[in-house]
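Have a look at the structure that comes next, please.
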Amino acid sequence: MSDAFPVIKSKDSLVAKHVTKPVWDKLSRAVTKTSGFSLDKAIACAVQFDNQHCGIYAGDWDSYKVFADVFDPVIQEYHGITNDSIHTSDMDATKIQGNIDPAAPVHSTRIRVGRSIDGFGLSPGITKEQRVGVENLMKKAFANLKDDLAGSYFPLTGMKEDVRQQLVDDHFLFVSGDPNLKVAGMERDWPEGRGIFHNKEKTFLTWVNEEDQLRIISMQKGGDVKAVFDRLARGIKAVGDSVKAESGKDFMLDSKYGYVHSCPTNLGTGMRASVHIDLPGYTKVGLTVLQARCEELHLQPRGTRGESGGQTGVT
């Protein structure tokens, strides 16, 4: 027996291509052990919206295994890898050659990764108890950070208005309301178990329990990519070592797909690098022309306040 085959509104999505009737019949009633996640929850965005490219999320590490008949072809097509691929990663900042031209109108540089702690669900499927468990573990782990990485953790629950406003002004605070995250199940029990850590200089941050359990971020004014990457690499190691010391747990790392995230598009290093840059010419001719040029360069134009946050002036 299987559940009724869903109508997938995102007809051009990878979900529509790879969630066939035979695959659905095989997997529709399977559930994962860690968080009780199911295939219908995984593909909820592709079913509800008509604008998805990928359209699937994992509720825990188990999801990638239990629903491998869907995830494997989606991941391999999206990332352009084969079934026998092996993940490799090199976080040695000394190997970075060159830097951003100081004359370029770059306001700031930001590099982030996602990380997930083994034994807990991922945001779309994580239970309330697991989410609070991640936050409590991270409170202890953050307290161990030293030197330029040391700082403070700010839970969203009970956050004072002046603290909240300052985090908004600094463009640090993540907020609720993203339609994809809501439909995917990532805003359940909002805002419990969620928060933000940042160092004293506000150049090293970690988001706790947003789209991923952890989003580890290095950022600063100007275009010194080397300095930003060096801090990120040190920060990832420090956070990972501290989590291990406090709990004995490691970050989820798959030998084929790399670091495990809730969205399969982030698998691998989980890294995204970005700059805020002034583009007055492209602002004049419009976003469509900019998008076309970015496509040629294998880049994405994104908002100054996140993926769909729009631009600020010519930035």
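Just give me the residues in the stretch 257-278 being polar (S, T, N, Q) and in contact with a Ser or Thr (Cβ under 8 Å, 6 or more places away or on another chain), in sequence order.
262, 269, 274
Additional query: Taking the stretch 107-126 as the search range and keeping residues that are among the small types (Gly, Ala, Ser) and farther than 17 Å from residue 259 by Cβ, which one is most open to solvent (accessible area, probe 1.4 Å)?
Ranking the candidates gives 108 first.
Does residue 75 count as assigned to a helix (DSSP H, G or I), of a type outside the set (Gly, Ala, Ser) and closer than 27 Å to residue 178 by Cβ?
Answer is yes for this residue.
Let me ask something else. Please give the helices (runs of 4 or more DSSP H) falling wholly within the stretch 105-188 in which 1 or more residues are among the charged types (D, E, K, R) and closer than 27 Å to residue 249 by Cβ.
Where helices (runs of 4 or more DSSP H) fall fully within the stretch 105-188 and carry at least 1 residues being among the charged types (D, E, K, R) and closer than 27 Å to residue 249 by Cβ, they are 128-143.
Taking the options 205, 137, name whichever one is open to solvent by less than 30 Å² (accessible area, probe 1.4 Å) and either under 30 Å from residue 66 (Cα atoms) or at pLDDT below 95 (or both).
137
Give 270, 240 a once-over and let me know the one that is open to solvent by less than 60 Å² (accessible area, probe 1.4 Å) and either at positive phi or in a strand (DSSP E or B) (or both).
270
In this structure, does residue 251 turn out to be in contact with a helix residue (DSSP H, G or I) (Cβ under 6 Å, 6 or more places away or on another chain), under 30 Å from residue 42 (Cα atoms), of a type outside the set (Asp, Glu) and touching a residue at least 12 places away in the same chain (Cβ under 8 Å)? Steps first, answer last, please.
Details: in contact with a helix residue (DSSP H, G or I) (Cβ under 6 Å, 6 or more places away or on another chain): yes; under 30 Å from residue 42 (Cα atoms): yes; of a type outside the set (Asp, Glu): yes; touching a residue at least 12 places away in the same chain (Cβ under 8 Å): yes.
It is true that residue 251 is in contact with a helix residue (DSSP H, G or I) (Cβ under 6 Å, 6 or more places away or on another chain), under 30 Å from residue 42 (Cα atoms), of a type outside the set (Asp, Glu) and touching a residue at least 12 places away in the same chain (Cβ under 8 Å).
Condition first: among the small types (Gly, Ala, Ser), over 19 Å from residue 153 (Cβ atoms) and touching a strand residue (DSSP E or B) at 6+ places or on another chain (Cβ under 8 Å). Can you find one or more residues in the stretch 202-219 that meet it?
Of all residues in the stretch 202-219, those among the small types (Gly, Ala, Ser) come to 218.
In the following step, the residues that additionally are over 19 Å from residue 153 (Cβ atoms) were identified as none.
Within the stretch 202-219, none of the residues are among the small types (Gly, Ala, Ser), over 19 Å from residue 153 (Cβ atoms) and touching a strand residue (DSSP E or B) at 6+ places or on another chain (Cβ under 8 Å).
Counting only residues that are farther than 18 Å from residue 182 by Cβ and either part of a loop (DSSP other than H, G, I, E, B) or open to solvent by 40 Å² or more (accessible area, probe 1.4 Å) (or both), how many does the stretch 25-71 have?
17
The values are calculated or read from the model by the stated rules, or taken from the named source; none is laboratory data. All figures in this text were calculated on a predicted structure; none of them were measured in a lab. All Cβ positions, even for glycine, are placed from backbone atoms using ideal geometry, and neighbour counts span all protein chains on display. SASA here: full protein model, heavy atoms, side chains in, ligands and nucleic acids out. Shrake-Rupley method; radii C 1.70, N 1.55, O 1.52, S 1.80 Å.
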